Amino acid sequence: MRARLAVGRVYRRCGCRDQQRHQLGSHCPRLTIEPSHGTWTFAFELPPAVPGGHNRTVRRGGFPTEADARDALRRYQAGRTLGVNVDPNQTVADYLTTWLAAKELTLKPTTWVRYRDYVIKDLIPALGAVRLDDLAYEHLLAYARGQLAAGRGRSTLWHILATLSSALGEAKRTHRLPANVARPTIIPRPHSEERVIWTVAQVVTFLQYCRRADPKFADLIELIVCTGLRKGEALALHWHDVLLHPALIYVRWTLSAIDNNQLCMTTPKTAASRQWVALSPRARQLLLRLRKDADRPALDGFVFHHDDGSPLRPEYVLNHFHQLARAAGLPDCTVHDLRHFAVTTALDEGVEMTIVSKTARHSTYSTTANVYAHLTRKAARQAVDAIANALKREERRRNRRRRTKGTSGQQPTQRQTVYGNAA
């Protein structure tokens, strides 16, 4: 009943047992007389896991036909050649667990923790029991509908499905799956909520209030406002990255908190973010004052820190900022929105977007244009005013031409009259 292959084999077996309750497997006599009895299995020989060890045999069964078992064996063989696990019995949970472990070596800790939470808390409980090869668009559609019906936020659900799409996309790239069933997306990416960007007057109001309530915290906020640094970049700033005479600071690190608990230093958001930032005279004077007031040990550590020299925690900075903003009577805003304030203020003041993009350290110029163009009311007014002015200029030009033609048409008649009288 066994059909040998060059590598591996397929055979039919069943779950019947003898009088001693031993499973008959491929030796059941019914297999020779009943073509529909039992199911098909493939076996594949693997080399020893360690030198000098024994060969290992991988068996996968439950296939309804010999063709199905042979096809699964061929896929498994091809996967082994490429170094990919093409186990037909691999579940979504098994695959996501393996994928997550591999991603821990390449992702930033904060990003990996977010992926981990989506996988363990959402994807595996809902879809983990499904065989990876059987996962279909319908599974994801049913999951999305169930989550929305239970009141799950669309933004959170989109991020969960995006994590799954990333995992399945890698399975497609490594030829583990023929397609990524999470593409196209089940739900569109939710639009970002309109940001509350403080005006210049509101920022000054906050800084003046903060100077009285918490001067050290005001220094941190003012540096973010003057340079457009991200919160984590400002918190990770060390004195050896501050060059006051060229009036520059180098952004080398960002401070993050894993699970709002464990602090870690990681590289900035993008490769373009790891760059120098110019200091205005106001920002330079601020840092000069901080350096003058700092003692010698502090000059080897963080620019902004607690009294014991430890860095400020991102969660504390955010919460303290909200408390001070409410106390100052200002609308809700986040620390990161101060970066948006810096960019939009520069644009409103007439700085070219290419220069602003470089100062903000965006990876591409289009990022600046897409994110901030709609926030700049002055630029928007300039755009529509430019259109109106162009129309007005053309209308004036045509009116002048029309008047000129009218005048030139009467002149020959007058000249003829004069010449006639002269004659």
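Miscellaneous remarks
- Residues in region 8-35 that are at pLDDT 85 or above and assigned to a loop (DSSP other than H, G, I, E, B): 11 in all.
- Of all residues making up region 110-142, the number that are open to solvent by 50 Å² or more (accessible area, probe 1.4 Å) and closer than 17 Å to Asn260 by Cα: 2
- Criterion (touching a strand residue (DSSP E or B) at 6+ places or on another chain (Cβ under 8 Å) and either more than 30 Å from Ile355 (Cβ to Cβ) or not basic (Lys, Arg) (or both)) met by exactly one of His238, His139: His238
- Matching residues in region 86-96 - criterion: being at pLDDT below 85 and crowded, with 16+ Cβ neighbours inside 10 Å: Val86, Asp87, Pro88
This table checks each residue for (1) under 25 Å from Gln208 (Cβ atoms); (2) in contact (Cβ under 8 Å) with a residue 60 or more places away in the chain.
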residue: Pro281; (1), (2): yes, no
residue: Leu286; (1), (2): yes, yes
residue: Lys292; (1), (2): yes, no
residue: Val303; (1), (2): yes, yes
residue: Gly309; (1), (2): no, no
residue: Tyr316; (1), (2): yes, no
residue: Asn319; (1), (2): yes, no
residue: Arg326; (1), (2): yes, no
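- In region 158-187, residue farthest from Ala142 (Cα to Cα) [restricted to those that are in a helix (DSSP H, G or I) and among the polar types (S, T, N, Q)]: Ser166
- Residue within region 38-55 that is β-branched (Val, Ile, Thr), touching a Leu at 6+ places or on another chain (Cβ under 9 Å) and at pLDDT 75 or above present: no
- Residue pairs meeting the criteria (Cβ under 9 Å; at least 6 apart or on separate chains; first on the phi < 0 side of the Ramachandran plot, in region 20-46; second open to solvent by 90 Å² or more (accessible area, probe 1.4 Å) and part of a loop (DSSP other than H, G, I, E, B)): Ser26/Met1; His27/Met1; Leu31/Met1; Thr32/Met1; Thr39/Pro64; Trp40/Pro64; Glu45/Asn55; Leu46/Asn55
- Residues located in region 260-277, provided they are modelled with pLDDT under 80, in contact with a helix residue (DSSP H, G or I) (Cβ under 8 Å, 6 or more places away or on another chain) and open to solvent by less than 90 Å² (accessible area, probe 1.4 Å): Ser273
- Filtering region 284-308 to residues that are open to solvent by 30 Å² or more (accessible area, probe 1.4 Å) and within 21 Å of Ile258 (Cβ to Cβ) leaves Phe302, His305, His306.
Residue-by-condition table, conditions (1) open to solvent by less than 50 Å² (accessible area, probe 1.4 Å); (2) modelled with pLDDT of 80 or more:
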| position | (1), (2) |
| --- | --- |
| Ala6 | no, no |
| Gly61 | yes, yes |
| Tyr76 | yes, no |
| Thr98 | no, yes |
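- Note on region 16-50: among residues that are open to solvent by less than 50 Å² (accessible area, probe 1.4 Å) and small (Gly, Ala, Ser), the one that is nearest to the chain's Cα centre (by Cα) is Ala43.
- Some residue of region 391-408 being small (Gly, Ala, Ser), at pLDDT below 80, out of contact with any Lys or Arg (no Cβ under 8 Å at 6 or more places or on another chain) and in a helix (DSSP H, G or I): yes
The values are calculated or read from the model by the stated rules, or taken from the named source; none is laboratory data. Remember, it's a predicted structure, so these values are computed and weren't measured experimentally. In this analysis, Cβ positions are derived from the backbone assuming ideal geometry, glycine residues included, and neighbour counts consider all displayed protein chains. Surface areas here come from the heavy atoms of the whole protein model, side chains and all, with no ligands, DNA or RNA. Shrake-Rupley method; radii C 1.70, N 1.55, O 1.52, S 1.80 Å.
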